[in-house]
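The values are calculated or read from the model by the stated rules, or taken from the named source; none is laboratory data. As the structure is a computational prediction, the values presented were derived from the model and not from experiment. With ideal geometry, Cβ positions are generated from the backbone for all residues, glycine too; neighbour counts draw on all protein chains shown. When the accessible area is computed, the model is the full protein with side chains, heavy atoms only, and any ligands, DNA or RNA have been set aside. Shrake-Rupley method; radii C 1.70, N 1.55, O 1.52, S 1.80 Å.
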Amino acid sequence: MKAEKSSPRLSYTAPSTESPWSTYLTQIDRVTPYLGRLGRWVETLKHPKRALIVDIPIEMDDGSVRHFEGFRVQHNLSRGPGKGGLRFHPSVTLEETMALAAWMTIKTAAMDLPFGGAKGGVRVDPRTLSRHELEKLTRRYTSEIAIIIGPKRDIPAPDVNTNAQVMAWMMDTYSMHVGFTSTGVVTGKPVHLGGSLGRVKATGRGVYVTGREAAQRLGLELEGARVALQGFGNVGSAAAELFAVAGSKIVAVQDQWGTLITGKGVDVEDLLARHRAGHGIGGSPADDDAFWDVPCDILILAALESQLTAERAQRIKAKLVLEGANGPTLAAADDVLADRGILVVPDILCNAGGVTVSYFEWVQDFSNFFWKESEINARLDTLLVEALRKVWLYGERNSISLRTAAFVVACERILTARQERGLYP
Ligand code: GLU
């Protein structure tokens, strides 16, 4: 029996025709003038190394057979194995997966993690599947991409609508293929299967840590700061909890089920409980568009890509934008934000907490030695603060945005590796 689930009201349909891949290409073009002689290799970043399209036939609970389309894109492997999440969403396309894989290449390099960039996706609305169907979909997808993944080749992880259970099924399926238990093939697993403590909330924690550092540089006190949040899933809710602990007031929340705007601030724990019980976040449809006009100090974008258009960027009141999602800001919106003096902590740093703790998980799996949560959180804090510091300095010296600075730092690392390795044959 399928559980009765209500459909979301807001689809986060991209309010623009700009595709994530073209946003990414524009970002690369903006960085090229800063790459000097390494610019010779920049075309590398405009072409995914490898992309696999797979057909996933599933026998449904009612006996019918349905086919789903899935992808795994390895954008760049110059600095190490592919790394990046797996997404289940009705709007997944090859082009979107290419962009998300490319942002992983830039993100792992910006954090100086020894990985390349990859991403996977299946075009499916997982809410319409039973648990059994979801397991079959996950296992068949894993089996189809098993020819290109592996602990030293490409390591998937959770992303939109996937979680530790999905990773457990992937780990088990891959292990059955190779004939032994291979925990390091995915990260974001359940803790007793080789998962890492702190991984579930790591992305939200990273949004908070990078936000805290940026706010400090702006002279913005987190105590009493007004926060507007788009996306109340794994990333947004964990970030909201930490901002609330720091004394910030969550004055607006928007997710697929609606928009809640409240001057007095929401109780994050209450909202989480409502959300978990399947009651959505409440609020009024009239506020869906008003979300972009809400008076606030910090805007956290933790939903999907392509949400902040130039028009919305003109309207927002925040001094600081934190990109918990991948690619939430269009290239034209970046220009508006720069003109208006609004600071953006770009996705490739802001949401890098997830892949950083994935790296810790991968290292723990290889060494079979597991760390305490306090140690993981402390190491995460150190790596994020250091990465942001370097990028900040570079940006200040060259009078460029944090995004462009982070891209330059990352691209220098990737293209230096590319150059040193040389072309084969
Ligand atoms: N899906 C997350 C991201 O977009 C995490 C990827 C990973 O841990 O490999 O960064």
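One table, with the values for the structure above:
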read-out	value
Per-residue ³J(HN,Hα) for region 322-327, Karplus 6.51 cos²θ - 1.76 cosθ + 1.60, θ = phi - 60°, Hz, x for Gly and Pro	10, 8, x, 7, 8, x
Convex hull volume per residue in cubic angstrom - Cα atoms of region 172-308	145
DSSP bridge orientation in region 30-169 - percent antiparallel, rounded to nearest 5	65
Accessible area in the full protein assembly, largest first, 1.4 Å probe, for ILE145, ILE261	ILE261, ILE145
In Å², nearest 10: area of ASP172 left accessible to a 1.4 Å probe	50
Integer Hz, Karplus 6.51/-1.76/1.60 couplings in order for region 405-421, x for Gly and Pro	4, 5, 5, 5, 4, 5, 5, 4, 5, 5, 6, 5, 4, 4, 5, 5, 5
Percent antiparallel among DSSP beta bridges (both partners in the chain, rounded to 5)	45
Mean Cα-pair separation over length for region 207-284, i.e. relative contact order, pairs under 8 Å, 6 or more apart, %	25
Gyration tensor verdict on region 199-274 (Cα atoms; rounded if a/c is under 1.5, prolate if a/b is larger than b/c, oblate otherwise)	oblate
Residue of PHE366, PHE232, PHE115 that the Gaussian network model of the chain assigns the largest fluctuation, springs spanning Cα pairs under 10 Å	PHE366
The chain: relative contact order in percent, alpha carbon pairs under 8 Å with at least 6 residues between	18
Max mean-square fluctuation residue, GNM over the chain, Cα-Cα springs under 10 Å, options ASP62, ASP293, ASP255	ASP62
For region 376-425: span of alpha carbons on each principal axis (Å, largest first)	43, 33, 13
Using θ = phi - 60° and Karplus 6.51 cos²θ - 1.76 cosθ + 1.60, couplings along region 100-110 (whole Hz; Gly, Pro as x)	5, 5, 5, 5, 5, 4, 5, 5, 5, 6, 4
Region 79-154, relative contact order [Cα under 8 Å, separation at least 6], %	39
Candidate residues THR93, THR181, THR329: accessible-area rank, largest first, probe 1.4 Å	THR181, THR93, THR329
Radius of gyration and maximum dimension Dmax of region 97-158, Cα, Å	13.7, 40
Accessible area in square angstrom per residue, the chain, 1.4 angstrom probe	41
Theoretical gain in end-to-end length, VAL65 to ASP339 [0.36 nm per residue, Cα-Cα removed]	93.4 nm
Stokes-Einstein translational diffusion, the chain - Kirkwood Rh over all Cα pairs, 1.567 mPa s, 4 °C, in µm²/s	60
Candidates HIS275, HIS192, HIS132, ranked by Gaussian network fluctuation over the chain, Cα under 10 Å, top entry	HIS192
Local net charge near LEU193, Cβ-Cβ under 14 Å (Lys/Arg +1, Asp/Glu -1)	-1
CD proxy at 222 nm, helix term only [per DSSP H run n ≥ 4: -39500 (n - 2.57); per residue of the chain; nearest 500]	-13500 deg cm²/dmol
Accessible carbon and sulfur surface of the chain relative to its total accessible area, %, 1.4 Å	53
Interchain or long-range residues, amide H under 5 Å from ASP154's placed H	GLY82
Cα gyration tensor shape for region 242-377, rounded if a/c is under 1.5, else prolate or oblate	oblate
LYS249 long-range amide H proximity, modeled H, under 5 Å	GLY224, ALA225, ARG226, VAL227
Cα-based shape type of region 318-425, given that a ≥ b ≥ c are square roots of the gyration tensor eigenvalues and the cut on a/c is 1.5	oblate
Ranked order, VAL31, VAL266 - accessible area, probe 1.4 Å, largest first	VAL266, VAL31
